[in-house]
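J.: Dropping a structure here in structure tokens format, bear with me for questions.
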Amino acid sequence: MIRIQQLHAQISETAGSKGQPPEQKTQYKLDWFKNNGWGYKDTKFILEQDGAVRLTGSKYRFSNQKMMKFKEWAEAKVGIDLSLNCEAQVEIPADPPIINEQFVNAIQGLFNEVSFDNAQRILHSHGHTMQEIYELRHGKLARIVDCVIYISSHAQAEALVKLAQEHNVMLCVYGGGTNVTWALQCPKEERRMIVSVDMSRMNHVRSVDRKNMTALVEAGITGKDLEKELSRYGVVCGHEPDSVEFSTLGGWISTRASGMKKNRYGNIEDIVLSVKVVTPTGTLQQSLDYPRVSSGPDLNQIVLGSEGTLGIITEAVIKIKAQPEVCKYESILFHNFALGTEFMYRLSRSKVWPASVRLVDNNQFQFGMALKTMPHSKREEFMDKIKKYFVTQFMQFDPDQMCLVTVVFEGTKQEIEFQEKKVFELAKFYKGFRAGAENGERGYFLTYMIAYLRDFAMQFQFIAESFETAVGWKNVPSVCENIQRRIVEECSKRGVEKEPFVSFRISQVYDSGATIYVYFGFGYKGIADPVKCYSEIEDAAREEIMKNGGSISHHHGVGKLRKQFMQKQIGDTGVEILKRIKQQIDPKNIFGNQNLI
């Protein structure tokens, strides 16, 4: 402990000497982010005395507004028992760090910020799966990083990797920490010192080329900050995953991510032109700021989806687009999920794709309606009743069958007018009813609230999570039907008392198929090991997905959660290729997080 305290003191002195005023407090993620759950510290769902549910804080449009319908819906439709209060532990336990003395001596004076603080170590040792959050609330992470080093430049990344090589220290790269595949979990058996490389100080847009419409961006920047910086130049990246507030460019690249507006801006592999990566055998840097090249295999593809196993992504050249003139929400009601699915299929064939178009099933539609805030006036309350009567009585939509397509249009006024015309013509053919901007916006609000609601439910002995897959159009119905059946069967086998909540969302369309999101959860009262139970059910659902023609993942990645399915996904030769690449680039396994294979 004396060694750690001395190092802290020296680091502080070094930081002061490099131009950072001693009185200026450096902000850390734990200053504003929860230590045992998702999101901002001041933001959470609470149950009030009058039965209303309210989102605290001020970060979101519907913050601090009463949601009177949610309690009744959650108890009746989801099966949450809101009387089973289950508080989280006050302090999260942590084992003392493993210290490599020679490495600790070698890094002194080289990095402005080095931390051995237990709270920092815990934060950098988990992502945001249900299993990890449950352990933070009620248990202990089996192995955590021993030290956190914040790097602020590519040169520091190179220096750190070189020292880790020399002293046989494992490195684990940390971006936004939003991963949902156990990718940040430390291998339990790792006895080397583990250092988390925090990228949050590398958060700058270094240059913007308005002629070529490209930008050079550091990998630690979050999606929210990236768009804020690019807006100064009148341009956007447009990559918006559900975690856009907190996830980073480097994280998107390393997981091969997708955003909700990919129809307009592309998936991450469509956006990235080149990457710079510090590996144990040198820095990979290509001159690829071109529209296209034919110069052998695309080395970007080795980095995309590598999940921190090969090195530190420090920066990337990305494509940018002009800020859209108009952004408009819309929504369409369909009588059932089958009709909605057929609409999505025909829309994919039409090639008239709004920036985002997503279909939610009846369970998720009701979920969104349960989050509707109280009317602000008697007139608004009256109009809501009129709309409901019109839809259910006059238009004959069954409240227990109807589903919703939410749409985001972005572009010029002319583009949007053309897209709207085509989309609503097609919807009419499938008996769809235009339901307005408010329902569309509420649908996207639910996307940002899912993780907050997952944490809220966990207070009442209810665990839930989501996962996703990509599947060909002909298999979409069977995938949904068989996942539903399998989850219900597996829950029954394991003694889950009430039927689980299962819901589906078609979140992306492609020429040949679609992305399906699956949400499921159940009350775990009386179950001895809820995490083990949930994990077994999720694995069974993944088996069912692959049996019915679905992929291991569309955009979340593999991590350690799904790597047992990799051989079936890419074959023996594919696994061997990945192993050989890893062994050649990182022979000492410095980036030994054990993701992918």
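J.: Assess whether residue 493 counts as being modelled with pLDDT under 95 and open to solvent by 10 Å² or more (accessible area, probe 1.4 Å).
T.: It is false that residue 493 is modelled with pLDDT under 95 and open to solvent by 10 Å² or more (accessible area, probe 1.4 Å).
J.: How many of the residues in region 350-365 are more than 11 Å from residue 409 (Cα to Cα) and either in a strand (DSSP E or B) or open to solvent by 30 Å² or more (accessible area, probe 1.4 Å) (or both)?
T.: So the answer is 6.
J.: Additional query: Output the residues belonging to region 513-532 that are open to solvent by 10 Å² or more (accessible area, probe 1.4 Å) and either within 23 Å of the chain's Cα centre (by Cα) or not hydrophobic (A, V, I, L, M, F, W, C) (or both).
T.: Residues satisfying the conditions are 517, 519, 523, 524, 525, 526, 529, 531, 532.
J.: Here's another thing I want to ask about it. If a residue has to be farther than 26 Å from residue 467 by Cα and either without any contact (Cβ under 8 Å) to a residue 12 or more places away in the chain or open to solvent by 30 Å² or more (accessible area, probe 1.4 Å) (or both) to count, how many in region 420-456 make the cut?
T.: 12
J.: For region 317-347, give me the residue count where each residue is buried (at least 20 other Cβ atoms within 10 Å of the Cβ) and polar (S, T, N, Q).
T.: 2
J.: OK, next. Could you tell me whether any residue of region 300-316 is open to solvent by 30 Å² or more (accessible area, probe 1.4 Å) and either farther than 30 Å from residue 559 by Cα or free of Cβ contacts under 8 Å to residues at least 60 places away in the same chain (or both)?
T.: Yes, some residue in region 300-316 is open to solvent by 30 Å² or more (accessible area, probe 1.4 Å) and either farther than 30 Å from residue 559 by Cα or free of Cβ contacts under 8 Å to residues at least 60 places away in the same chain (or both).
J.: Restricting attention to region 366-394, which residues are exposed (fewer than 15 other Cβ atoms within 10 Å of the Cβ) and touching a residue at least 40 places away in the same chain (Cβ under 8 Å)?
T.: Within region 366-394, 374 is the sole residue that qualifies.
J.: Right, here's the next one. Only one of (1) over 20 Å from residue 525 (Cα atoms); (2) modelled with pLDDT of 95 or more; (3) open to solvent by 30 Å² or more (accessible area, probe 1.4 Å) fails for residue 89. Which number is that?
T.: Tallying (1) over 20 Å from residue 525 (Cα atoms); (2) modelled with pLDDT of 95 or more; (3) open to solvent by 30 Å² or more (accessible area, probe 1.4 Å), residue 89 fails exactly one: (1).
J.: When you go through (1) aromatic (Phe, Trp, Tyr); (2) on the phi > 0 side of the Ramachandran plot; (3) surrounded by 24 or more Cβ atoms within 10 Å (Cβ to Cβ) one by one for residue 182, which number turns out not to apply?
T.: (3)
J.: Something else: Collect the residues in region 47-75 that are under 23 Å from the mean Cα position of the chain (by Cα) and of a type outside the set (Phe, Trp, Tyr), keeping them in residue-number order.
T.: The answer is 55, 56, 57, 58, 59, 61, 63.
J.: Exactly one condition in (1) without any contact (Cβ under 8 Å) to a residue 12 or more places away in the chain; (2) hydrophobic (A, V, I, L, M, F, W, C); (3) buried (at least 23 other Cβ atoms within 10 Å of the Cβ) is not met by residue 293; state its number.
T.: (3)
J.: Given the conditions (1) open to solvent by 10 Å² or more (accessible area, probe 1.4 Å); (2) at pLDDT 95 or above; (3) closer than 26 Å to residue 539 by Cβ, report the number of the one that residue 136 does not fulfil.
T.: Only one criterion in (1) open to solvent by 10 Å² or more (accessible area, probe 1.4 Å); (2) at pLDDT 95 or above; (3) closer than 26 Å to residue 539 by Cβ is unmet by residue 136, namely (1).
J.: Take the conditions free of Cβ contacts under 8 Å to residues at least 40 places away in the same chain, polar (S, T, N, Q) and within 21 Å of residue 403 (Cβ to Cβ) and apply them to residue 508. Does it pass?
T.: No, not satisfied.
J.: For the structure I just gave you, tell me whether residue 20 is modelled with pLDDT under 95 and either part of a loop (DSSP other than H, G, I, E, B) or open to solvent by 30 Å² or more (accessible area, probe 1.4 Å) (or both).
T.: yes
J.: Counting only residues that are outside any helix (DSSP H, G or I) and open to solvent by 60 Å² or more (accessible area, probe 1.4 Å), which one in region 396-417 is farthest from residue 445 (Cα to Cα)?
T.: Within region 396-417, the match that is farthest from residue 445 (Cα to Cα) is 396.
J.: How about region 282-299: which of its residues are modelled with pLDDT of 95 or more and more than 24 Å from residue 557 (Cβ to Cβ)?
T.: Scanning region 282-299 gives a single hit, 282.
J.: So which residues in region 140-179 are surrounded by 18 or more Cβ atoms within 10 Å (Cβ to Cβ) and part of a loop (DSSP other than H, G, I, E, B)?
T.: Of everything in region 140-179, those that are surrounded by 18 or more Cβ atoms within 10 Å (Cβ to Cβ) and part of a loop (DSSP other than H, G, I, E, B) turn out to be 141, 144, 145, 146, 151, 152, 169, 175, 176, 177, 178, 179.
J.: Here's another thing I want to ask about it. Which ones in region 559-581 are in contact (Cβ under 8 Å) with a residue 60 or more places away in the chain and either open to solvent by 40 Å² or more (accessible area, probe 1.4 Å) or farther than 19 Å from residue 172 by Cβ (or both)?
T.: Passing the criteria: only 581.
J.: Could you please let me know if residue 78 is closer than 30 Å to residue 367 by Cβ, modelled with pLDDT under 95, among the hydrophobic types (A, V, I, L, M, F, W, C) and open to solvent by less than 40 Å² (accessible area, probe 1.4 Å)?
T.: Here the answer is yes, as residue 78 does meet what is asked.
The values are calculated or read from the model by the stated rules, or taken from the named source; none is laboratory data. A quick note: this is a predicted structure, and the numbers were derived from the prediction, not measured. Here Cβ is always computed from backbone atoms with ideal geometry, including for glycine, and neighbour counts include all displayed protein chains. Surface accessibility is based on the protein's heavy atoms, side chains included, excluding ligands, DNA and RNA. Shrake-Rupley method; radii C 1.70, N 1.55, O 1.52, S 1.80 Å.
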